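Down below is the structure, laid out as structure tokens.
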Amino acid sequence: MTTRGENSTAVFFGGVVPASEAEVRMAERIGAVLAEAGFSLVHGGYNGLMEAVARGAAAKGGEITAVTLSGKRQEWGDFNPHVTEAIHLPTFGNRLDHYFAHADVVVGMGGGVGTLHELTAALYYAGNIRPVPVWLAGSTALNLLSYLKQEGWLFETTRPLGFITEIVTTMDFADALTRLLTEPSGGQA
């Protein structure tokens, strides 16, 4: 794969309790593909899907940064063993700001209410602040996207939704990454 993603950052949002073994495998492959393309990985740093994506990135020599809240280590536990750098910030807002300020692409999968918060913040940010690509991968995230559209929480206006890409398979992910790295528009509609 090309190294055109060198010095680029992928932010990953995924939960500590994966929906399925298939999503764990998908997250691991996503991490590997990102690292092969030269992307560094930024995520919460913990287990579940975060650990799976980090494991995949680490297997390909990727850099993995955990961004978490100050003072939560005792409550939330240690980072997964693949983390190469840690950033501790004082508030959720600071944490989200850090994610989005550094994101060249946001990848979201399933998780709990924390992941839901991060994904909806990413959708708002990309639609209203800076058009960073947001890729929703796996059945849980795609079901969320479908629900948000069906219930009118997310809709096309003067701000198009072309920044969102639906990722059903790891091949879809690899294709989206190739478009991001090779097309002038970054593969966005």
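In summary, Thr165 fulfils each of the numbered conditions (1) β-branched (Val, Ile, Thr); (2) within 13 Å of the chain's Cα centre (by Cα); (3) part of a loop (DSSP other than H, G, I, E, B) with the single exception of condition (3). Of the residues screened, Met171 is not one that is under 25 Å from Arg29 (Cα atoms) and in contact with a strand residue (DSSP E or B) (Cβ under 6 Å, 6 or more places away or on another chain). Does at least one position in segment 25-34 carry a residue that is more than 19 Å from Tyr125 (Cα to Cα), part of a loop (DSSP other than H, G, I, E, B) and of a type in the set (Val, Ile, Thr)? No, segment 25-34 has no match at all. Restricting attention to segment 141-167, the residues that are open to solvent by 50 Å² or more (accessible area, probe 1.4 Å) and either of a type in the set (S, T, N, Q) or in contact with a strand residue (DSSP E or B) (Cβ under 8 Å, 6 or more places away or on another chain) (or both) add up to 6. Checking each residue in segment 126-139 for being under 14 Å from Phe13 (Cα atoms) and either surrounded by fewer than 21 Cβ atoms within 10 Å (Cβ to Cβ) or of a type in the set (Lys, Arg) (or both) picks out no residue at all.
Here Leu123, Leu116 are screened, and the one residue that is in a helix (DSSP H, G or I) and either touching a Gly at 6+ places or on another chain (Cβ under 8 Å) or open to solvent by less than 70 Å² (accessible area, probe 1.4 Å) (or both) is Leu123. Residues of segment 7-19 include none that is at pLDDT 95 or above, buried (at least 23 other Cβ atoms within 10 Å of the Cβ) and more than 22 Å from Val113 (Cα to Cα).
When the residues of segment 56-91 are filtered to those that are assigned to a helix (DSSP H, G or I) and at pLDDT 90 or above, which remaining residue is most open to solvent (accessible area, probe 1.4 Å)? Among them, the one singled out is Ala59. Could you tell me whether any residue of segment 31-42 is open to solvent by 10 Å² or more (accessible area, probe 1.4 Å), without any contact (Cβ under 8 Å) to a residue 40 or more places away in the chain, hydroxyl-bearing (Ser, Thr, Tyr) and out of contact with any Ser or Thr (no Cβ under 6 Å at 6 or more places or on another chain)? No, there is no match, as no residue in segment 31-42 is open to solvent by 10 Å² or more (accessible area, probe 1.4 Å), without any contact (Cβ under 8 Å) to a residue 40 or more places away in the chain, hydroxyl-bearing (Ser, Thr, Tyr) and out of contact with any Ser or Thr (no Cβ under 6 Å at 6 or more places or on another chain).
Here Arg130, Arg179 are screened, and the one residue that is at pLDDT 90 or above, basic (Lys, Arg) and closer than 26 Å to Val24 by Cβ is Arg179. Screening Leu96, Leu142, Leu148 for residues that are under 20 Å from Ala27 (Cβ atoms), outside any loop (DSSP other than H, G, I, E, B) and of a type in the set (A, V, I, L, M, F, W, C) leaves exactly one candidate, Leu142.
The values are calculated or read from the model by the stated rules, or taken from the named source; none is laboratory data. All values derive from a computational prediction rather than experimental measurement. Counting neighbours? That spans all protein chains shown, and the Cβs are built from the backbone with ideal geometry, glycine included. Keep in mind that these areas ignore ligands, DNA and RNA; they rest on the heavy atoms of the full protein, side chains included. Shrake-Rupley method; radii C 1.70, N 1.55, O 1.52, S 1.80 Å.
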